1. Just one of the numbered conditions (1) at positive phi; (2) within 20 Å of the chain's Cα centre (by Cα) is not true of Met113; which one?
2. All but one of (1) under 26 Å from Gly99 (Cα atoms); (2) in a loop (DSSP other than H, G, I, E, B) hold for Ala56, so report the exception by its number.
3. Quick check: anything in the range 109-124 under 24 Å from Pro46 (Cα atoms) and at pLDDT 95 or above?
4. Any chance you could count how many residues in the range 87-121 are in a helix (DSSP H, G or I), under 26 Å from Leu67 (Cβ atoms) and either open to solvent by 90 Å² or more (accessible area, probe 1.4 Å) or in contact (Cβ under 8 Å) with a residue 12 or more places away in the chain (or both)?
5. Out of all the residues in the range 130-156, which are of a type outside the set (A, V, I, L, M, F, W, C), without any contact (Cβ under 8 Å) to a residue 12 or more places away in the chain and surrounded by 11 or more Cβ atoms within 10 Å (Cβ to Cβ)?
6. Collect the residues in the range 68-86 that are in contact (Cβ under 8 Å) with a residue 12 or more places away in the chain, of a type in the set (S, T, N, Q) and open to solvent by 20 Å² or more (accessible area, probe 1.4 Å), keeping them in residue-number order.
Amino acid sequence: MLRGSTSPSSRRRWSAERSWSASTSPGPRRSRPSSHCSSTRTSSLPAALGRVIDAANVDRVIAPIILEGANEPLTEDACTVLESRGVTVIPDILANAGGVIVSFFEWVQGANMLAWDEAEVLARLDARIAAATRQVLRQAGEGGSLREAAMDLAVRRVVRAMELRGNA
């Protein structure tokens, strides 16, 4: 629970004190958003808040891989700068998909009176994530970033679903 002010800067400070980061040492370490930018890392996982890597701090990012664990942890400007430097940005749409997919599986099981064991759920999840990853990589290979490819594919799926329902 937040104490005192709930302004965006207060929430950022509160979350920063409780965020985790992947580092070259085994296991996660606590870090502040500013340390995501400047410490030696093989990867960075901004996972607590959106828009924590922006134009003001993107120049301090040294990790060659950013896994977007939060929803939109990089601003558009920061993402453009990182990609121009050759940093791989794994988009939030792809990185966060597992929880949404498993929630859908739970809904399917409940609606159809099914009971899948953990192995079945994991196998179905792996198949969906692998297929989505291949699609994103294929589209990004045709031009554009992983983030742009993931967003484009997602929007196309929504438009197609709307067309099938007669809503487009």
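The values are calculated or read from the model by the stated rules, or taken from the named source; none is laboratory data. Here the structure is a predicted model, which means the values were calculated and not measured. Reconstructed Cβ throughout: ideal geometry from the backbone, glycine too, with neighbour counts over all protein chains shown. Surface accessibility is based on the protein's heavy atoms, side chains included, excluding ligands, DNA and RNA. Shrake-Rupley method; radii C 1.70, N 1.55, O 1.52, S 1.80 Å.
1. Tallying (1) at positive phi; (2) within 20 Å of the chain's Cα centre (by Cα), Met113 fails exactly one: (2).
2. (1)
3. The initial filter retains those residues of the range 109-124 that are under 24 Å from Pro46 (Cα atoms), namely none.
No, the range 109-124 contains no residue that is under 24 Å from Pro46 (Cα atoms) and at pLDDT 95 or above.
4. Number of matching residues: 13.
5. As a first pass, look at the range 130-156 and keep what is of a type outside the set (A, V, I, L, M, F, W, C): 133-135, 138-139, 141-145, 147-148, 152, 156.
Next cut, without any contact (Cβ under 8 Å) to a residue 12 or more places away in the chain only: 134, 138, 141-144, 148, 156.
Arg138, Gly144, Glu148, Arg156 - these are the residues of the range 130-156 that are of a type outside the set (A, V, I, L, M, F, W, C), without any contact (Cβ under 8 Å) to a residue 12 or more places away in the chain and surrounded by 11 or more Cβ atoms within 10 Å (Cβ to Cβ).
6. Keep residues of the range 68-86 that are in contact (Cβ under 8 Å) with a residue 12 or more places away in the chain, which gives 68-75, 77-79, 81-83, 86.
Narrowing further to those that are of a type in the set (S, T, N, Q): 71, 75.
Selection gives Asn71 alone.
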